[in-house]
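Reviewing the structure listed below.
The values are calculated or read from the model by the stated rules, or taken from the named source; none is laboratory data. Quick caveat: nothing in here was measured; it's all calculated off a predicted structure. Cβ coordinates were reconstructed from backbone atoms using ideal geometry, including for glycine residues, and neighbour counts include every protein chain displayed.
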Amino acid sequence: MGKKILDSKALYIFLSLIIAIGLWVYVRTVENPDKEKTIFSIPVTFEGEDTLEANGLLISEGSDQTVTLRVKGPIATLQKLTAETITIRVSVSTIGTAGDYSKTYDIVWPSGVSSSDISVLDRTLTQIDFTVSKLTSRTIDVQGEFVGNPAKGYLVDEITISPSTIEITGAETLVSQVDHALVTVSGDNVTDSISKEMGFTLIGVDGQPLSSETSSKITCNTDTVLVSVPILKTKDIPLKIDFLAGGGATEDNISYTIEPETITVSGDASALDPLSELVLGTIDLSTVIDNETFTFPINLTEELNNVSNITQATVTVTIEGLASSTFDVSDISFINVPDGLTATSVTQSVQVVVRGTEEALGTVSDYNIRLVADLSSVSHAEGQYTVPVTVYLDSDSDVGVVGDDYKIVVSLTG
């Protein structure tokens, strides 16, 4: 008896469930009462933008609008309506000139939904206002900046960017606002060079970055560029000068200054580390009378950079602790006299300056000095010629001839 009661109860529950489902299906499919629904922020779609572009035009303002609809219809139909399934369509294919436009739009319902099933009760926009502008392109420079600090003893060298220019396309009114593109590289205590693909920011003619809204309406022919930032080691390098003993003077008999004493040089560590000094050149002390100033270019190898940007150095040399005497020398001879000609010196004597210690100078007389003129470069014709002479001093090594600009006039006769 109890089992029959339980079986009957289960049957009643099952039948009740079937009846409830049937009633629900009936209400949904047969009765299906109308309800209201609001669909928010449906994007506006412009049809025919490819035709605009072919005519050198584009929508510069108003392309990002949305429409909110309040509609009424059967519940089953309303469930199919969302901002993703409804299209707000504006046709722009007939527009041929730039200007401001206001156009009606079509509401395209999703597949399976008929416009006769839906009543539009309200809408936020009845017309779509937008601006069509002339499409233009420009080439702009890409510039780079480093924000941060290199490590101590390093510097940031000139940034290179490839490509160095990009092409931007958009509404003429927007493109004209752009001055250049800027790549910003940042880092602190950097010791290694940087090379990587990076994005850039469009900078306006006022020097400020364009707003994201404006930038989004400008198309660039590339989104990234290759940026190279050389990080170079720096070093202060002393300048040095070599001296050639002469004119009775050695490096022990002089004082000198070099201005500047050092320069700052940058470069790769492999090229910079071995460099301990920079030799400017050689000064022949026989050319220094008492006090002379010389100018030397500061030359570096291609691997190094002159950070100080000082291109020449001044060396001042002063002779100290030596005396000099002038001798009238008349012992003149010739070598390499042209065949068939006879050479005689029109110049009777030449004043020659000899320098050394007082004691050493006391051993020198004009008889110890002779002049030799080399005539190998003289024309093979009669006449008078000015030629240089080499001065020979047959005396103690502690003295020497000062200067090298000694000349005579020679006469060649047949």
Query raised in the report: Can you spot a residue in the range 210-227 that is in contact (Cβ under 8 Å) with a residue 12 or more places away in the chain, out of contact with any helix residue (DSSP H, G or I) (no Cβ under 7 Å at 6 or more places or on another chain), among the acidic types (Asp, Glu) and assigned to a strand (DSSP E or B)?
Result: no
Query - Verdict on Ile128 being of a type in the set (A, V, I, L, M, F, W, C) and either under 30 Å from Ile203 (Cβ atoms) or surrounded by fewer than 16 Cβ atoms within 10 Å (Cβ to Cβ) (or both) - result: no
Query raised in the report: Restricting attention to the range 310-328, which residues are farther than 16 Å from Glu359 by Cα and not polar (S, T, N, Q)?
Result: Ile310, Ala313, Val315, Val317, Ile319, Phe327, Asp328
Requested in this report: Sort out which residues of the range 152-174 are among the hydrophobic types (A, V, I, L, M, F, W, C) and either modelled with pLDDT under 95 or within 20 Å of the chain's Cα centre (by Cα) (or both), and write them in order of number.
Outcome: Leu155, Val156, Ile159, Ile161, Ile166, Ala171, Leu174
Query raised in the report: Within the range 40-62, is even one residue surrounded by fewer than 15 Cβ atoms within 10 Å (Cβ to Cβ), farther than 22 Å from Ser216 by Cβ and modelled with pLDDT of 95 or more?
Result: yes
Report summary line: Checked the range 274-313 for anything without any contact (Cβ under 8 Å) to a residue 40 or more places away in the chain and part of a loop (DSSP other than H, G, I, E, B); matches are Pro274, Ser276, Asp290, Asn299, Leu300, Thr301, Glu302, Glu303, Asn309, Thr311
Report task. Output the qualifying pairs, or none if there are none: Cβ atoms under 9 angstrom, residues six or more apart or on different chains, first residue in the range 371-399 and without any contact (Cβ under 8 Å) to a residue 12 or more places away in the chain, second residue assigned to a loop (DSSP other than H, G, I, E, B) and small (Gly, Ala, Ser). Result -> Ser397/Gly248
Query raised in the report: Do you know which of the residues in the range 149-180 that are farther than 25 Å from Ser63 by Cα and among the small types (Gly, Ala, Ser) is surrounded by the fewest Cβ atoms within 10 Å (Cβ to Cβ)?
Result: Ser162
Report summary line: The condition of being more than 30 Å from Val399 (Cα to Cα) and either within 36 Å of the chain's Cα centre (by Cα) or not assigned by TED's automatic domain parsing to the domain that holds Gln177 (or both) holds, among Leu244, Leu210, only for Leu210
Requested in this report: Answer yes or no as to whether Asp331 is modelled with pLDDT of 95 or more, over 30 Å from Thr264 (Cβ atoms), outside the structural domain of Leu285 (by TED's automatic domain parsing) and within 60 Å of the chain's Cα centre (by Cα).
Outcome: no
Query raised in the report: So which residues in the range 32-81 are over 28 Å from Ser119 (Cβ atoms) and either among the aliphatic types (A, V, I, L, M) or not assigned by TED's automatic domain parsing to the domain that holds Ser102 (or both)?
Result: Leu52, Ala54, Leu57, Leu58, Ile59
Query raised in the report: Has the range 299-315 got any residue that is modelled with pLDDT under 95 and touching a Lys or Arg at 6+ places or on another chain (Cβ under 9 Å)?
Result: no
